[in-house]
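Have a look at the structure below before the remarks.
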Amino acid sequence: MQTFKLLLISAVIVIMGLLAFAYSGIYNVATDSGHSGPLAWFMETVRERSIAVRAADLVVPDDLDERQRIAAGAGHYKDMCAGCHGFPGRQPSSAFSPAPPALYQHAVDADEAFWVIRHGIKMTAMPSHLDHSDQENWDTVAFVQALPEMSPDDYQAITADAEHSHDDQQSHEHQPAGEEHSADDSGEHAADPDDANSGHQHAAAQTPAATIDAFHHALQEGDGQQAQSYLHPAATMLEGGTLQSAQSYASGHMQGDMRFLAAISSEILTRDQQASERQATIITQRRMTGQFNDRDVDLLSTETATLAKAEQGWRITHLNWVSRPFAESGESTD
């Protein structure tokens, strides 16, 4: 009985100590602060074992070494992975903690790579790709496995071929990342439609929410120049794991997003906003439904946007889109 009391007291002391540590704010959560050795080991071990256990029962296709499959995965990797994980001739991004592994430097287990690509990893920059087909995700695995044997020239050649052969398809089949940039075609835009069609001039959006809605409306209307006017010149977009500038987005994925948004409908489910005089953060959840490229679409999209007040009005400085099948979100389908 005495031993039980000592164990109970010890457990209470440990719990109180952990709570005190959490509320003290001593621990630095900044990305550039890194982790202590023991904490880094613990987190890496939890991550590695979690992935290994859940990937153990996957059946790996026996054709991952086929050239056609590797070529198909090249486009996926370039769009979804290269911005964070790097490629031959370019180091991985240094903006995240934990840092994304340099997939071109070492081989990965196919089953574990597929599980990570499909499900993502919590508390990292690795998103899930449940909105891609298993075939597409296995194609990406095929490319990742072949990547360590590629020279910079090899990589540029195979991704260029993928871009040329999939130019139109690429914007759509990776669109689940772009599907998240939904435009609300149900009349819920806070911005005046006249502002969004005013000759490609910078519209004077008066609130952060109006700026977001006007940006979506311009995309849906196919007005890329107007949509770009709502982006800050230094804006960044995080889409399917790829971090890109506003200029790169405007010259690439934006075209596919506009075609996608013209074909589907979206409904705002929730919107949370925190704003000061000069900065704002808006988190919006939308349900997106319809049919695109002969595929049914039913997604729950979560958009996190940061904005800054400029002379012309509010401008978007960063956008991050994450989506998943609506049926898997736990929301009611009634």
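Quick look at the numbers
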quantity	calculated
R0 of 22 Å, Cβ-Cβ distance Trp41-Ala107: FRET efficiency to nearest 0.05	0.45
Accessible-area order (highest first, 1.4 angstrom probe) of the listed residues Met150, Met16	Met16, Met150
Spatial separation of Cα centroids for the range 1-79 and the range 134-156, in angstrom	26 Å
Residue-level accessible surface for Phe326, protein heavy atoms, 1.4 Å, Å²	10 Å²
FRET E, pair Glu267, Gln291, Förster distance 22 Å, beta-carbon r, rounded to 0.05	0.85
With DNA, RNA and ligands ignored, accessible area of Met258 (1.4 Å probe; Å², nearest 10)	20 Å²
Coil-residue GluC sites (Glu not before Pro) of the range 209-303, DSSP, other Cβ within 10 Å capped at 11	Glu277
Normalised contact order of the range 1-111, rounded percent, pairs of Cα under 8 Å and 6 or more residues apart	22 percent
Cα gyration tensor category, rounded, prolate or oblate, for the range 1-56 with a/c compared to 1.5	oblate
Arg54 accessible area, 1.4 Å probe, all protein chains in place, Å² to nearest 10	140 Å²
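The values are calculated or read from the model by the stated rules, or taken from the named source; none is laboratory data. Computed from a prediction, not measured in an experiment: that's the story for all the values here. In this analysis, Cβ positions are derived from the backbone assuming ideal geometry, glycine residues included, and neighbour counts consider all displayed protein chains. Side chains are part of the model used for accessible areas, which takes the heavy atoms of the whole protein and leaves out ligands, DNA and RNA. Shrake-Rupley method; radii C 1.70, N 1.55, O 1.52, S 1.80 Å.
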